[in-house]
Every structure is written in C-alpha cells, then in structure tokens.
Amino acid sequence: MDSLAAVDWTAYQDEALAAIGSALSEAELDDARVKYLGRKSALAQALRGVRDRESGMLLNGVRSKLEEAVAAREAELARLAYELAAEAGVDVTIPGTPVTRGHLHLLTQIRREIEDIFLGMGYEVWDGNEVATVWENFDALTSDPGHPSRSQFDTFYIDQNTVLRTHTSPDQIRAMQTRKPPIYMVSPGRCYRRDTPDATHSPIFLQVECLAVDRGITLADLQGTVLKFFRALFGEEREVRMRTSFFPFTEPSVEFDVTCFICGGEGCATCKHSGWIEMGGAGWVDPDVFRNVGIDPDEYQGFAFGFGIERIAMLRHGLPDLRAFWENDLRVLGQF
Ligand code: DAH
C-alpha cells in the first residue's frame, strides 16, 4: 500500500495523458504506453498490490482513461498519416490498379509448340508465303484442273495466276524447288478459303505442313513421326491409326486418328464415342509431284501431312467454336 500512498495519481494521470497526447509516431506512443501502462509501470505495480475496493476503483479508473487515450491517439496518428499522404498528392485509400500482363495467343502458343517438336526431330521450320501461284497451290500438286476447289467461289484469287494459298501444301512445292533432298521441313501458317464462318469453318485458318524427302523412307517413318508428334502434343499414352483416304498429291493417301486424349479411348462426346479423334490428311508423296519439281521418284521417296492448328487447339482445350480464336475477346483468350 506504500506505493499507492506515495504516488499522486492525479499528477500521474496528467503526465501520462500529456505524453500520450503529444506522441508524434506509433513508436513514441508505444513508449508512453509502456511507461505508464506497461507491466513494470507504477500503475501496474500498484494494481497488483491493491487490497481495498476504493483504491481498486481509483487505479482502474486511471487505467481505463489512459487506455482510451492511447486508442484515441492511435486513430489520430493514422488519420494524420493519411492527411500527410493526401497533401503530398497521394490518395492511399484508392485501390491499386492491377498490372495486367499480356501473353501469346493460344494459336501462337500451339504453333510454337509444334515448331519445337519438329526442331527437336531435326526438321527445318519454314515460313511459307501466304500468296501462291495457281501452279504452286493446285497444278504442281496434281489437283484436277476442273476441281471445284479451284473456283472463285472457293478460293480467293488475286489475279488469274495468283491466289491466297488454300492450304500449306504449296510450301512443299517451294521447298522442293529451292532445296536438294534430303528435305525435312514443317511449315505452319495462315490459309484462306471462301468459307462462311461457323463453329468449324473460318475464311482464315492455320495449318501445319510437314514434308520429308529422302532415300529409303517408308510409311513406317510417317507413322512414327506422327505418333511422336501427337504424343508430344496430347500425352505419351496416345496411339495413332491410319485410314485410307484420297488427296491428289499423295499415293497412297491416309488420314490419321489419335486415341482420344479426353477419355483415353473409352468413348466420350469429344471423340463421338469412337475412342478415336480424326486429326488430318497425310500420305506418300505422289511420283508426279516429284516429277513436277524435278526430283527423281526412283531415287527419292517422301511423306507429307497437313493438319489444322485450330482443330488441335479446340480438341486439346475442349473449345466448341473456332470463331473464339479470331474474335479476340480477352475474356476468352485470357484463359489460356
Ligand atoms: N492440304 C490438305 C488439305 O488442306 C491436307 C493434306 C493432306 C496435306 C495430305 C498433306 C497431305 O501434306 O499429304 O486438306
């Protein structure tokens, strides 16, 4: 009780309130709180020694006053900090602007992935021309002169002898005209057809062409290359199968299917319950095509394929409509 008697609690309280009220920073405020309210303060020690109700009420009264003063000063200091920042022209209450980072379009990502896969197999990546002669796009590929795909209703003509390429296959012709075998090339890029846009057609679309010309190439090389390609794109468990087909520039011609990478071959909506997904055309380079570019078909053999890049992207990401790729809605594209 000595300590209680020895202290003038009115003076203690005034001194403490002055210290708290004049604290100019949180650190100064904390120092005052420790000094007048902390465990070692005269107030805390006196409170521990209290035996009678009257002294308890007095000391508890001082304590609550000081605690209130600390809380009030704390709020005031926070407000002063805002005001200072505002004076300096900074409104610290405005939420920050999120920094949005751009990224590559999904089709560009897949195109680059495809390039990497073939670079890894020793292929040259070719940047083909989107403008082709009628000869490169049709004649050299032994397309029938009367075939409807040549008409102005299907193909964009620039003049009588020049078109926007309708597929990446004319790049095979250019490659064989400008390179000596062995040739291992892939050519991804834009193609153009006079199609009305719908969920699976677009007047502008992307294909990737592949051509290998060498001595002693067999159909097994084609199958192995496509298998490696699909496994890199869709997962190591994939299998491929070939079905017979027809293209004017390949003999025999095939179409490739890959085991469904959604259901693993059990059957689902994506593979139309067949367990297989159609990927595109391929074949054995027709000897007439070799003759058209001056390569001796008795000496060299080759395989080729052309697959749609949108189709690969749609299948791999479960997208139902290819128009999403060209509409550039960032809410859609931002998901990839
Ligand atoms: N050019 C064909 C198309 O657009 C696809 C194609 C089929 C390309 C067979 C090839 C091939 O290289 O060998 O439908």
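State which residue is surrounded by the most Cβ atoms within 10 Å (Cβ to Cβ) when the search covers only the stretch 141-182 and only residues that are more than 21 Å from Gly308 (Cβ to Cβ) and within 13 Å of the ligand (Cβ to nearest atom). Once the filter is applied, the top-ranked residue is Met176. Taking the stretch 231-249 as the range and being among the polar types (S, T, N, Q) and touching a residue at least 12 places away in the same chain (Cβ under 8 Å) as the test, only Ser245 passes. When you check Val226 against the structure, is it without any contact (Cβ under 8 Å) to a residue 40 or more places away in the chain, buried (at least 19 other Cβ atoms within 10 Å of the Cβ) and aliphatic (A, V, I, L, M), yes or no? So Val226 fails the test.
Okay, residues lined up against (1) within 12 Å of the ligand (Cβ to nearest atom); (2) part of a loop (DSSP other than H, G, I, E, B); (3) free of Cβ contacts under 8 Å to residues at least 60 places away in the same chain; (4) under 15 Å from Ile173 (Cβ atoms):
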{"position": "Glu255", "(1), (2), (3), (4)": "yes, no, yes, no"}
{"position": "Phe261", "(1), (2), (3), (4)": "no, yes, yes, no"}
{"position": "Gly265", "(1), (2), (3), (4)": "no, yes, yes, no"}
{"position": "Met279", "(1), (2), (3), (4)": "yes, no, yes, no"}
{"position": "Ala282", "(1), (2), (3), (4)": "yes, no, no, no"}
{"position": "Val289", "(1), (2), (3), (4)": "yes, no, no, yes"}
{"position": "Ile295", "(1), (2), (3), (4)": "no, yes, no, yes"}
{"position": "Gly302", "(1), (2), (3), (4)": "yes, no, no, yes"}
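Condition first: more than 27 Å from the chain's Cα centre (by Cα) and part of a strand (DSSP E or B). Can you find one or more residues in the stretch 224-234 that meet it?
Among the residues of the stretch 224-234, not one is more than 27 Å from the chain's Cα centre (by Cα) and part of a strand (DSSP E or B), which makes the answer no.
For the residues Ser169, Ser202, Ser149, the requirement of being polar (S, T, N, Q), in contact with a strand residue (DSSP E or B) (Cβ under 8 Å, 6 or more places away or on another chain) and on the phi < 0 side of the Ramachandran plot singles out Ser169.
Taking the conditions exactly as written (in the same structural domain as Arg179 (by TED's automatic domain parsing), farther than 21 Å from Thr108 by Cα, away from the ligand (no atom under 15 Å from the Cβ) and surrounded by fewer than 16 Cβ atoms within 10 Å (Cβ to Cβ)), does Gly235 satisfy them or not?
It is false that Gly235 is in the same structural domain as Arg179 (by TED's automatic domain parsing), farther than 21 Å from Thr108 by Cα, away from the ligand (no atom under 15 Å from the Cβ) and surrounded by fewer than 16 Cβ atoms within 10 Å (Cβ to Cβ).
The criterion of at least 3 residues that are among the hydroxyl-bearing types (Ser, Thr, Tyr) and free of Cβ contacts under 8 Å to residues at least 60 places away in the same chain is met by the following helices (runs of 4 or more DSSP H) wholly inside the stretch 1-88: 53-87. In the set Ile277, Ile262, only one residue is out of contact with any Phe, Trp or Tyr (no Cβ under 8 Å at 6 or more places or on another chain), β-branched (Val, Ile, Thr) and either surrounded by fewer than 17 Cβ atoms within 10 Å (Cβ to Cβ) or under 22 Å from Glu113 (Cα atoms) (or both); that residue is Ile262. Flag not set for Pro182, criterion: in the same structural domain as Gln301 (by TED's automatic domain parsing), out of contact with any Cys (no Cβ under 8 Å at 6 or more places or on another chain) and modelled with pLDDT under 95. Scanning the stretch 312-334 for residues that are without any contact (Cβ under 8 Å) to a residue 60 or more places away in the chain and either more than 23 Å from Arg190 (Cα to Cα) or within 16 Å of the ligand (Cβ to nearest atom) (or both) gives a single hit, Arg331. Among the numbered conditions (1) free of Cβ contacts under 8 Å to residues at least 40 places away in the same chain; (2) buried (at least 19 other Cβ atoms within 10 Å of the Cβ); (3) in contact with a Pro (Cβ under 7 Å, 6 or more places away or on another chain), the only one that Leu206 does not meet is (1).
Screening Cys271 with (1) within 24 Å of Pro148 (Cβ to Cβ); (2) without any contact (Cβ under 8 Å) to a residue 24 or more places away in the chain; (3) in contact with a strand residue (DSSP E or B) (Cβ under 9 Å, 6 or more places away or on another chain); (4) not basic (Lys, Arg) gives one miss only, at (1).
Rundown of residues vs (1) modelled with pLDDT under 90; (2) surrounded by 12 or more Cβ atoms within 10 Å (Cβ to Cβ), yes/no style:
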| position | (1), (2) |
| --- | --- |
| Glu26 | no, yes |
| Asp30 | no, yes |
| Arg33 | no, yes |
| Gly38 | no, yes |
| Asp52 | yes, no |
| Ser64 | no, no |
| Ala69 | no, yes |
| Tyr82 | yes, yes |
| Ala88 | yes, no |
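Screening Ile110 against (1) surrounded by 20 or more Cβ atoms within 10 Å (Cβ to Cβ); (2) assigned to a helix (DSSP H, G or I); (3) more than 27 Å from the chain's Cα centre (by Cα) leaves a single unmet condition, (3).
The values are calculated or read from the model by the stated rules, or taken from the named source; none is laboratory data. Note that the coordinates shown come from a computational prediction; the quantities given were computed from them, not determined experimentally. Every residue, glycine among them, receives a Cβ derived from its backbone with ideal geometry; neighbour counts consider all protein chains shown.
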